[in-house]
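This report concerns only the one structure given below.
Please treat every number below as a calculation from the coordinates, not as lab data. Fair warning: this is a prediction, and the values are worked out from it, not measured in the lab. Reconstructed Cβ throughout: ideal geometry from the backbone, glycine too, with neighbour counts over all protein chains shown.
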Amino acid sequence: MKNKIKMSEGLLDLIIMVQDYRKLLISEMMFKVAHDLPHEKDWYTQTQKYFNSIDDSILNKYGLCKNNISFEVVTRFKVTQEILSTDRKYLSKYECWTSCIPE
């Protein structure tokens, strides 16, 4: 199913939050590897668990579900400097793929 949903402040915040969590896990793993410390190797699964911990009502609001397609959409969305510098009320000119029909 190929659907698009218009970007909003809340959706952008959700995307950034999940992507930043993924970056934190990867950075932490790299730090621990560099210092020969025990570390969690599966940052992907940990990030997916974090994504799946988001309340269904919030995900559904943005056309997302707790599935692999939505997870990939969120983690692979390219947050550009152009998007970040756009006034929040004009974010709707950008679109994001979605795997569920929003409520």
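Using only the Cα atoms of region 19-62, build the gyration tensor, take square roots of its eigenvalues as a ≥ b ≥ c, and label the shape rounded, prolate or oblate: rounded if a/c is under 1.5, else prolate if a/b is larger than b/c, else oblate. In terms of gyration-tensor shape, prolate.
With +1 on each Lys and Arg Cβ and -1 on each Asp and Glu Cβ, and nothing else charged, work out how big the dipole of region 3-86 is about its Cα centre, in Debye to the nearest 20.
Working: 11 positive and 11 negative charges, 54 e Å.
About 260 debye.
Against the main long axis of the alpha-carbon atoms of the chain, helix 9-34 sits at an angle near 10°.
In order along region 35-45, phi translates into HN-Hα couplings of 10, 6, 9, x, 8, 7, 8, 9, 5, 5, 5 Hz, rounded to whole numbers, per the Karplus curve 6.51 cos²θ - 1.76 cosθ + 1.60 with θ = phi - 60° and x for Gly and Pro.
Ranked highest first by the average count of other Cβ atoms within 10 Å around their residues, in what order do 76-86, 8-18 fall?
Numbers: 76-86: 11.3, 8-18: 16.9.
The packing order, highest mean first, is 8-18, 76-86.
Taking a ≥ b ≥ c as the square roots of the eigenvalues of the Cα gyration tensor, region 63-103 is classed as oblate, since a/c reaches at least 1.5 and a/b does not exceed b/c. In terms of its C-alpha gyration tensor, region 34-103 comes out oblate, because a/c is 1.5 or above while a/b does not outweigh b/c.
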